[in-house]
Amino acid sequence: MLEISNLQVKVAGKEILKGIDLSIKPGEVHAVMGPNGSGKTTLAQVLAGRVTYEVTGGSVQFEGKNLLAMRPEDRAREGVFMAFQYPVEIPGVSNAYFLKAALNAIRKYRGLDEIDAMDFMALVQDKAKLLALDETFMKRGLNEGFSGGEKKKNEIFQMAVLEPKLCILDETDSGLDIDAMRLVANGINTMRSPKRAMLVVTHYQRLLDYVVPDFVHVLVDGRFVKSGGADLARNLETHGYGWILEEVPRPQAARP
Amino acid sequence: MALDAKQTYVAEFASAEAELHGPAWLRELRKAAIGRFEALGFPTQKHEDWKYTNLAPLLRTPFKPAILGRPDGVVSERLEPFTFGILKTTRLVFVNGRYAPRLSYLRPLPEGARIVALADILRQEPEGLESHLARCSRYQDDSFVALNTAFFLDGAYVEIPKNTVVEEPIHLLFVSTSKDLPIAAHPRNLIRLGAGSQATIIETYAGWAPDVTFTNAVTEVSAGPASVLDHYKMQRESENAFHVGTMTIHQDRDSSVTCHSMSLGGALARSSVHTLFRAEGGSLVLNGLFMTSGTQQADNYTRIDHAAPACTSVELYRGILDGRSRGVFNGNVYVRKDAQKTVARQTNKNLLLSKEAFVDSTPGLEILADDVKCNHASTIGQLDENAVFYLRSRGIDEEAARHILTYAFATDVVNQVKVAPIRIKLDQLILSRLPKGAGLGESL
């Protein structure tokens, strides 16, 4: 589904990703873990199409198409969804309006009619239950005045309504209390399916206790330095990132 | 140039004076006003209240007084876009400042309430308004008010008696049209709310391109003790129109006034709101929106005079500017020495949609009392690119994302509109101003 080869990315002139290779098949859940500043969020954002990230090398294929050549909206329409680490507050646009506009834009791209108002209501009510969101939620401004937990729940709620093929979760667990964590994890797990893939970017093991990954990749200084199964995440939780940094010596900087 | 224009208006007054009917006191008033206009001249950018707007385009157009204009031929169907759909309203229509009974629609009113043409009242009760007209809006220090006072033919007279509630909104629709000559109209409105009365009044100013028109309107409001006024001004003049509108409100004890000022049309539009708290306990909300594109200019001037204690004013103006348009927010709040316990909040927020658009924002507070709560704020910014990306990342195309965010910027102002059909209309007007905004469909 997703083929990343030798992806290199600069942000504000600084090299952040230094050659990432990753292959994700339908049905798989991959976790990317790493210390702060390792490039985790950059990886998520560049896949979603943030323009401030400059791709300097490598390629990304999504279902055989060149993902990096697509506009952000077309990536979404093709089935890529990123849950933001910091969802944006947009007063004046209701959650309902926003979600309907998004859903219809995606449907139109796929040659489907706009969703009927009643069907839309039924759909969102169904998905809202999953995340225990109350009824007033849809009428409120998009993320306006939401707590950190509510914002993250809203991301997963949007994901549940839009039903993407590839879910990228950028630090979705940060700032969640245990109740919100369980709801969010349950929402994510409900969406696991043989046809859908997930890329879970996180600093902590916490979320991975609930959303158990098939593969774990450790990102250090813009490179994957280790990959393994779910055990690897637990190891990192117990022992921190230190042992990996020792085990995998950093490449020497080229001397003039 | 300003001198030529001034002399032209003075000369036109001399030739039109005989036809400007009215009781003797009014003729004297007109004479005094044109005299004052001649002394004041048109304001220039050296004038503090006009420093951001160049009136040259208005002054170099040779407008003829409406009294010299030919019959207009406006038919009811052409007014349809300026009405409010299903909303039941008493509607007075004025064409080039003259009452048009065949286009107007009168609905039953509570006993004693009068919503009529000002010229009719002046004819029927010649002495009745002497102590009311030109009391709030002073021609002595404002050139455009002076011109209006000298030249007005007609306008609306609204009188709501004590403790009377007029449930249905009152729509005063002023259309300007010109065939061969550019026409200047000077509508004059007088609104008197008795103690404990309540009304909703909409003033719409509109016209059709390519007519070149100048509307110089004056509205005087006297809000009696504990009266409640919900006032809307919808400025929807055509792209070739010049508009100067001055509204003056005097508020008595415990009165509550909400003024919505929507400035959407016109080549050059100046909207002034002057309010005076003359007794304690009054409250005022000024809720403004100006949207400009192309080479439009929208100048918004407000003056809130806290001359009495324990009054509250909340002002929020938002500007959305595109193209090479210019906008002005010039807000002035005065808190006089004895106006203790004043609460005044003034906010102006502006959104620039193009690099060539420009806005001058000068909120101002002058406080002479010491026990008050006052603040003001002003912002000028562009669309938040993080928000644009957020919407795009969910499948919404970039153009639609920008439209949604632009519309969202106006919702604070729109949400203050209490009457649903007016709110829906305003929604439509805002969306229609966005290049492909109509496609956004329903309310956000």
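Do you know which residues across the range A:10-25 are touching a residue at least 40 places away in the same chain (Cβ under 8 Å) and closer than 26 Å to A:Arg196 by Cα?
A:Leu17, A:Gly19, A:Ile20, A:Asp21, A:Leu22, A:Ile24, A:Lys25
What number of residues in the range B:34-50 are of a type outside the set (Phe, Trp, Tyr), assigned to a helix (DSSP H, G or I) and surrounded by 18 or more Cβ atoms within 10 Å (Cβ to Cβ)?
The total comes to 3.
For B:Arg236, are the conditions met, namely being charged (D, E, K, R), touching a Leu at 6+ places or on another chain (Cβ under 7 Å) and within 21 Å of B:Pro363 (Cα to Cα)?
It is false that B:Arg236 is charged (D, E, K, R), touching a Leu at 6+ places or on another chain (Cβ under 7 Å) and within 21 Å of B:Pro363 (Cα to Cα).
Looking at (1) part of a loop (DSSP other than H, G, I, E, B); (2) over 16 Å from the mean Cα position of the chain (by Cα), can you tell me which one A:Asn235 breaks?
(1)
Output the strands (runs of 3 or more DSSP E) that fall wholly within the range B:200-307 and possess 3 or more residues being polar (S, T, N, Q), or say none.
Of the strands (runs of 3 or more DSSP E) lying wholly inside the range B:200-307, those with at least 3 residues that are polar (S, T, N, Q) span B:213-223, B:242-251, B:256-263, B:268-277, B:283-292, B:297-306.
Table: residues versus (1) out of contact with any strand residue (DSSP E or B) (no Cβ under 8 Å at 6 or more places or on another chain); (2) in contact (Cβ under 8 Å) with a residue 60 or more places away in the chain; (3) outside any strand (DSSP E or B); (4) surrounded by 18 or more Cβ atoms within 10 Å (Cβ to Cβ).
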{"residue": "A:Pro164", "(1), (2), (3), (4)": "no, yes, yes, yes"}
{"residue": "A:Leu199", "(1), (2), (3), (4)": "no, yes, no, yes"}
{"residue": "A:Val212", "(1), (2), (3), (4)": "no, yes, yes, no"}
{"residue": "A:Ser227", "(1), (2), (3), (4)": "no, no, no, no"}
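Okay, residues lined up against (1) within 11 Å of A:Val32 (Cα to Cα); (2) of a type in the set (A, V, I, L, M, F, W, C); (3) at pLDDT 85 or above; (4) not in a helix (DSSP H, G or I):
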position	(1), (2), (3), (4)
A:Lys151	no, no, yes, no
A:Phe157	no, yes, yes, no
A:Leu183	no, yes, yes, no
A:Asn189	no, no, yes, no
A:Val218	yes, yes, yes, yes
A:Ala253	no, yes, no, yes
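In this structure, is B:Leu173 part of a loop (DSSP other than H, G, I, E, B) and over 30 Å from B:His47 (Cα atoms)?
No, not satisfied.
Are any residues in the range B:92-144 assigned to a strand (DSSP E or B) and either on the phi > 0 side of the Ramachandran plot or in contact (Cβ under 8 Å) with a residue 40 or more places away in the chain (or both), and if so, which ones?
B:Leu92, B:Val93, B:Phe94, B:Val95, B:Arg98, B:Tyr99, B:Arg114, B:Ile115, B:Val116, B:Ala117
For B:Thr149, which of the numbered conditions (1) in a loop (DSSP other than H, G, I, E, B); (2) at pLDDT 95 or above; (3) in contact with a Lys or Arg (Cβ under 9 Å, 6 or more places away or on another chain) fails to hold?
Condition (1) is where B:Thr149 drops out.
Where in the range A:34-112 are the strands (runs of 3 or more DSSP E), entirely inside, with at least 1 residues that are within 9 Å of chain B (Cβ to nearest Cβ)?
The qualifying strands (runs of 3 or more DSSP E) are A:80-83, A:90-94.
Spot the failing condition for A:Leu176; the list is (1) within 26 Å of A:Val46 (Cα to Cα); (2) modelled with pLDDT of 90 or more, and only one is missed.
(2) is the only condition that A:Leu176 fails.
I'm trying to understand the selection: among the residues of the range A:36-72, which are exposed (fewer than 14 other Cβ atoms within 10 Å of the Cβ) and under 16 Å from the mean Cα position of the chain (by Cα)?
Result: no residue meets the conditions.
Pick from B:Asp370, B:Asp412, B:Asp427: which is acidic (Asp, Glu) and over 22 Å from the mean Cα position of the chain (by Cα)?
Matching residue, one of B:Asp370, B:Asp412, B:Asp427: B:Asp370.
Modelled with pLDDT of 95 or more and more than 15 Å from the chain's Cα centre (by Cα), is that true of B:Arg324?
Taking the combined requirement at face value, the residue satisfies it.
The values are calculated or read from the model by the stated rules, or taken from the named source; none is laboratory data. Given the structure is predicted, the values throughout are model-derived calculations rather than measurements. Quick reminder, even Gly has a Cβ in these numbers, built from the backbone with ideal geometry, and neighbours come from all protein chains shown.
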